[in-house]
Amino acid sequence: MKSKSLFALIALAIGSTSAHAEEGSPTFGAAGGGYFADELQATGVASEFYVAGHSVGGSMSWYTACYQGDRFAAFGPSSGGYWLPEPTTCPSGPVHLRHSHGRIDTFVPLEGRALRRGDIAQANIFEGLERWRVHGGCSGEQTVSVEGPYTCEQAVDCVGSVQLCLYEGRHPKPDGWETHLAAWFDAVGR
C-alpha cells in the first residue's frame, strides 16, 4: 500500500478544447488528464493523484473536476474557474475541491468578466462554487478558518468537500501555495 502522502500534482496543459465542451465555450483539455493519470499509475509512482493549477491551470482543474472528477482524489484550482457558458451538469459526481483566489484579482475577478469585446467571458467563481456545493449536497452552512495568508470557508455536510480560500492580493498566488495545498491534499486523500 502506497503512502497517502505520496502524490502527484498534475497541472493540465493538454489541448485547447475538451470533448465535453459546450459549443462556444473556451474550455480546456479536461479529457486528457485521465490518460495522464493512467500512465502515472501504471508506473507505480503513486496510488492517488491530485489536480492543481493557477490561472488557466485553475480553469483546467475545474473542468477536469467536472468531467473526470472520479479519476482524481482532489482538486486545488487557484485564480481560475469556468468560462461561460458553464457546464450544465458534471457527470463525475461530487469532488474534493479547494479554490484559492486573491480578493482583489482584476485579471481573473471573482465575479467574472467579459473579454474580447464580450466574445468570451470568465464565469463568476462564487456562483461556480455554489454549483459545486449543490452538486455535493452541502447543507448551506459553512465553517471559517484562517490558515496562514488564507481565510477559508468550507461547506459542511457534503459528499466530497468544497472550500474557498481567499488571500489579500491580486492574481499571483502567495508564496507557499504549493505547500499549503499539499497539506490539504494529504488531509483529504481517499
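All of the numbers you see were taken from the coordinates with simple rules; none came from a lab. Note that the structure is predicted; figures quoted are calculated from it, not measured. Positions of Cβ are generated from backbone atoms using ideal geometry, with glycine treated the same way; all protein chains shown enter the neighbour counts.
Data overview
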quantity	calculated
Semi-axes of the equivalent ellipsoid for the stretch 94-190, Cα gyration tensor, largest first, Å	23, 18, 11
Which of I125, I104 has the fewest Cβ neighbours within 10 Å, and the rest in rising order	I104, I125
19 Å cut-off, amide nitrogen to a point 7 angstrom out along R116 Cα→Cβ, residues in the stretch 45-78	55-60, 63
Ordering of 175-181, 79-85 by burial proxy (mean other Cβ atoms within 10 Å per residue, highest first)	79-85, 175-181
Distant-in-sequence amide H partners of S161 (H built 1.01 Å from N, under 5 Å)	V95, H96, L97
